[in-house]
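**Q** Take this structure first; my questions come after.
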Amino acid sequence: MQIDIHPGDITQFTAEAIVNAANSSLLGGGGVDGAIHRAGGSRILEECRHLRKTRFPDGLEAGQAAATTAGNLPARWVIHTVGPTYASSPEKYAQKAPILASCYRTCLLTAAELGAKTIAFPAISAGVYGWPMKDATRIAVDTVRDMSAQVGEAIDTVTFVPFGREAEDGYRAALTG
Ligand code: APR
């Protein structure tokens, strides 16, 4: 399983599955969530509403993942996941860091189940949810690397799509570390 970095706007990136850093409502928001819904169009929201009516009446929990159509995006699926909000206290951090890792794990398992050979991730929780970029990208890279034995047969390429220099530097440092 190849791990790449491709700086830019994830809504312009071609992959079979594009990961969305959503919130538990699954009904859209700002940041990459807003960008994906705007670029992907209303079919994504229609399917998100259906997910809320059926599988997730109380919303998608942090660390979980759920797939919808990618609408007009150059992708087949959007895999929505909800990152944890950052908390600096050691106790809270110890509780939340594994939840951020599980976002990557559950998205990769979902992609493998769907048969997606390529998947692209934004830096989950590193925007509105306040997770320090360096740590967020380290957790992302470490978790994807740890998963390669489990999903490496099913998934050919995982691409991190940094939106800005800080994210790009974070991924590059994590990948060479
Ligand atoms: N392409 C790639 N990355 C992007 C894009 C884009 N078009 N737009 C934003 N990003 C980056 C941000 O710069 C950040 O590094 O995605 C990362 C995650 O930031 P957010 O989108 O703010 O996501 P998050 O921190 O997980 O917060 C989720 O914000 O947008 C709302 O509805 C969302 O409530 C949820 C919360």
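The values are calculated or read from the model by the stated rules, or taken from the named source; none is laboratory data. Because the structure is predicted, anything quoted here is derived from the model rather than measured. Here the Cβ positions follow ideal geometry from the backbone for every residue, glycine too, while neighbour counts run over all protein chains shown.
**Q** Filter the stretch 117-140 down to the residues that are assigned to a strand (DSSP E or B) and under 17 Å from residue 106 (Cβ atoms), then identify the one that is farthest from the chain's Cα centre (by Cα). Can you show your working first?
**A** Restricting attention to the stretch 117-140, the residues satisfying the condition of being assigned to a strand (DSSP E or B) are 118-121.
Checking the rest, the ones that are also under 17 Å from residue 106 (Cβ atoms) come to 119-121.
Working: 119: 9, 120: 8, 121: 5 Å.
Top of the filtered list is 119.
**Q** Shifting gears a bit: Which of the residues belonging to the stretch 30-42 are crowded, with 16+ Cβ neighbours inside 10 Å and near the ligand (Cβ under 10 Å from one of its atoms)?
**A** Within the stretch 30-42, 31, 32, 33, 35, 36, 37, 39 qualify.
**Q** Then there is this: Hey, can you tell me all the residues within the stretch 76-87 that are aliphatic (A, V, I, L, M) and under 14 Å from the mean Cα position of the chain (by Cα)? Before the answer, list the steps.
**A** Going through the stretch 76-87, the residues aliphatic (A, V, I, L, M) turn out to be 78-79, 82, 87.
Of everything in the stretch 76-87, those that are aliphatic (A, V, I, L, M) and under 14 Å from the mean Cα position of the chain (by Cα) turn out to be 78, 79, 82.
**Q** Could you tell me whether residue 25 is of a type outside the set (A, V, I, L, M, F, W, C), within 13 Å of the ligand (Cβ to nearest atom) and at pLDDT 95 or above?
**A** Criteria met by residue 25.
**Q** Additional query: Say we look at the stretch 7-42 and pick out the residues that are part of a helix (DSSP H, G or I) and under 13 Å from the mean Cα position of the chain (by Cα); which of these is farthest from residue 108 (Cα to Cα)?
**A** 31
**Q** For the stretch 88-96, state whether one or more residues are within 15 Å of the ligand (Cβ to nearest atom) and either touching a Gly at 6+ places or on another chain (Cβ under 7 Å) or part of a helix (DSSP H, G or I) (or both). Spell out how you get there, then give the answer.
**A** As a first pass, look at the stretch 88-96 and keep what is within 15 Å of the ligand (Cβ to nearest atom): 96.
Checking the rest, the ones that are also either touching a Gly at 6+ places or on another chain (Cβ under 7 Å) or part of a helix (DSSP H, G or I) (or both) come to 96.
Looking for residues that are within 15 Å of the ligand (Cβ to nearest atom) and either touching a Gly at 6+ places or on another chain (Cβ under 7 Å) or part of a helix (DSSP H, G or I) (or both), one finds at least one in the stretch 88-96, hence yes.
**Q** Could I ask something else about it? Which numbered condition trips up residue 45, out of (1) within 14 Å of the ligand (Cβ to nearest atom); (2) farther than 15 Å from residue 73 by Cα; (3) over 16 Å from the mean Cα position of the chain (by Cα); (4) not polar (S, T, N, Q)?
**A** (2)
**Q** If you don't mind, another one. Based on this model, can you work out whether residue 81 counts as in contact with a strand residue (DSSP E or B) (Cβ under 7 Å, 6 or more places away or on another chain) and of a type in the set (Ser, Thr, Tyr)?
**A** In short, yes.
**Q** Can you confirm whether residue 167 is among the aliphatic types (A, V, I, L, M), under 17 Å from residue 11 (Cβ atoms) and not in a strand (DSSP E or B)?
**A** yes
**Q** Applying the selection to the stretch 43-60, what residues are under 22 Å from residue 127 (Cα atoms) and either aliphatic (A, V, I, L, M) or assigned to a helix (DSSP H, G or I) (or both)?
**A** 44, 45, 48, 60
**Q** Here's something else I'd like to know. Quick check on this structure: which one of 110, 143 is in a helix (DSSP H, G or I), more than 10 Å from the ligand (Cβ to nearest atom) and touching a Phe, Trp or Tyr at 6+ places or on another chain (Cβ under 7 Å)? Give the derivation first.
**A** Values: 110 fails: touching a Phe, Trp or Tyr at 6+ places or on another chain (Cβ under 7 Å).
When all the criteria are applied, what remains is 143.
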